[in-house]
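Notes to accompany the following structure.
The values are calculated or read from the model by the stated rules, or taken from the named source; none is laboratory data. Computed from a predicted structure; not experimentally measured. Reconstructed Cβ throughout: ideal geometry from the backbone, glycine too, with neighbour counts over all protein chains shown. All accessible areas refer to the heavy atoms of the entire protein, side chains included, with ligands and DNA or RNA removed. Shrake-Rupley method; radii C 1.70, N 1.55, O 1.52, S 1.80 Å.
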Amino acid sequence: MNFRTIGIIFRRELQAFFLSPIAYVVAFFWLLLTGFSFYFAIAILNKEPSEYTVMQVFFGIFFIWLAQVMMVPILTMRTFSEEYRLGTFEGLMTAPVRDWEVVLGKFLAVLIFYLILWSPTALYPFLFKLVTFSTTPLTAGPVWCSYLVVLLMGMFYVAIGLLASSLTRNQIIAAVIAFATIALFFFTGFLIYFNIPFTLRELVGYLSAYDHMEQFSKGLVNTKVLVFYLSMTVMTLLITQKVIESRRWKG
């Protein structure tokens, strides 16, 4: 595997994000939503004393995660579909690059842009202290753990989006496939809050993104969650590589 080649593809894909108006539209609405959600979290805590921190309340707001489920397919839909549509994929495949290098370069570019979108929210706890003149020290552990889940979820969801984009030349269809798959994983996890058999509850709890965030936002690191997201990400990228490989042989 040639890391220089991965770096070239990564830079090309990341540059494409900053040249795309869709990326700026997504960034605008994402920052608007997270900013409003943080304000909403503060408003909740101002009503009455609470055992939760402002970041726990912030990461517990459902609409942030719903927006993320919708945002990732928009970021990933063009990765392979646009190459198919413009006919640049054939040129890419005849170049001396391996399938894995293409997949990883595109994956890392989308993941970095996804993290760039999340990065302003890391300033919110400091803004909260500044505005409220709070002298209470920040508990860094729960905050770092929360962002660890953000990273893990982003890796898995971006991998799903890449796989969906590798299946079709139509960006809208790619986005719909990615959204449906991510939404299936995300909403299945809510079954844990219903009266279901114990075995099914254990399985659903393993998949529940909302429950994962709730645990990690308290500073509780669950290694099963780490293994789940890392293994699912690798498996999804492996399937994507096989799809790309099959297209290369089909010509």
Residue by residue through the stretch 1-25, note down the ones that are surrounded by 16 or more Cβ atoms within 10 Å (Cβ to Cβ), of a type outside the set (A, V, I, L, M, F, W, C) and within 23 Å of I172 (Cβ to Cβ). E13
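Going by the conditions given, is T139 at pLDDT below 95, out of contact with any helix residue (DSSP H, G or I) (no Cβ under 8 Å at 6 or more places or on another chain), open to solvent by 60 Å² or more (accessible area, probe 1.4 Å) and within 21 Å of K218 (Cβ to Cβ)?
Details: at pLDDT below 95: yes; out of contact with any helix residue (DSSP H, G or I) (no Cβ under 8 Å at 6 or more places or on another chain): yes; open to solvent by 60 Å² or more (accessible area, probe 1.4 Å): yes; within 21 Å of K218 (Cβ to Cβ): yes.
Here the answer is yes, as T139 does meet what is asked.
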Show the residue pairs that are 6+ apart or on different chains and have beta-carbon atoms under 8 Å apart, the first residue being within the stretch 232-251 and closer than 16 Å to S81 by Cα and open to solvent by 70 Å² or more (accessible area, probe 1.4 Å), the second being modelled with pLDDT of 90 or more and among the small types (G, A, S). R247/S166
All but one of (1) over 22 Å from L167 (Cβ atoms); (2) of a type in the set (A, V, I, L, M); (3) in contact with a Gly (Cβ under 7 Å, 6 or more places away or on another chain) hold for M55; state the number of the condition that does not hold. (3)
In the stretch 209-223, the residues that are touching a residue at least 12 places away in the same chain (Cβ under 8 Å) and either surrounded by fewer than 21 Cβ atoms within 10 Å (Cβ to Cβ) or not aromatic (F, W, Y) (or both): A209, Y210, D211, H212, M213, E214, S217, K218, G219, L220, V221
